[in-house]
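J.: Pasting a structure below so you can have a look.
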Amino acid sequence: MLKEILRNQSLVTCEPDAKVSEVSRLMADRNVGSVLCLSDDGKPRGILTDRDIVVRCLAKNIDVNDCTVENVMSESLEVCQDTDGVFDCIRKMEMAGVRRIPVIDDSGKAVGIISFGDLLKMLSKEFSTLIHHTTTAEYEDRGDEEERRMVA
C-alpha cells in the first residue's frame, strides 16, 4: 500500500496565491520537485512542479516574483488513495502521463505525493531483497547437491 511508502515523508504544500519565487525557494529548502496546492478543506487543488516553473514561467519570460502558483500549476489532477497498491499507482501515473501523483485518504484529504523516483527506489529495494534471498538459497541448494555427489 502507498501508506507504507509515505510513512517517512512530509507533505510540502502552498497556497494558490503564493508567489512562484517563494514556492521555488521552499522547494529548494525542502529538496522537493513539487508542491501540492490545497483547497481550504485540505483536498488537492493543483500541483506545482519544478518543470511547471521552467516551462510555464521561465520559458515564457514571466516574472516569478509577480506570478502566483494558481497561474501556472497543473489543476486537473489524477490522485491515488493511500490504500492503493503500487501497481495501481504506476498504472494511474502512466495513464495520466505524470511522474508525480498526489495521494489522498478516505476523506479526500491530501496525505502525500508519490513520485516515480519513490516507486523506483521501493521496487529496487524489493528486487534486491528478492535477488539476495533467491541467489543465497540457490547456492546453498547447489552446495548440498555437490556435497552429496562427492560423498557418493
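Read-outs: derived from the displayed coordinates by stated rules, not from any lab. Model, not experiment: these values are computed from the prediction.
J.: With viscosity set to 0.890 mPa s at 25 °C, what whole-number translational diffusion coefficient in µm²/s follows for segment 34-78 from Stokes-Einstein and a Kirkwood radius over Cα pairs?
T.: 226
J.: Another one. Enter the angle in degrees (range 0 to 90, nearest 10) between the Cα long axis of helix 20-30 and the first principal axis of the Cα atoms of the chain, meaning the one along which they spread out most.
T.: Around 30 degrees separate the two axes.
J.: Pull up the DSSP beta bridges for the chain and report the antiparallel fraction as a percent, rounded to 5.
T.: 75
J.: Something else: Quick query: amide H of Gly112 versus all other amide H atoms, modeled in the peptide plane; which residues come in under 5 Å with a sequence gap of 5 or more or a different chain?
T.: Val103
J.: With axes computed from alpha carbons, what is the tilt in degrees of helix 86-96 against the longest principal axis of the chain, rounded to the nearest 10 within 0 to 90?
T.: It works out to around 40 degrees.
J.: In the chain, what is the count of Lys pairs whose alpha carbons are under 20 Å apart, counting only pairs at least 8 residues apart or on separate chains?
T.: The number of close lysine pairs in the chain is 10.
J.: If you don't mind, another one. Suppose we take every Cα in the chain and form the convex hull; what volume per residue is that in Å³?
T.: Normalising the Cα hull of the chain by residue number yields 143 Å³.
J.: Please give the length that would be gained between Glu75 and Asn8 if that part of the chain were fully extended, namely 0.36 nm times their separation in residues minus their C-alpha to C-alpha distance (nm, one decimal).
T.: 21.5 nm
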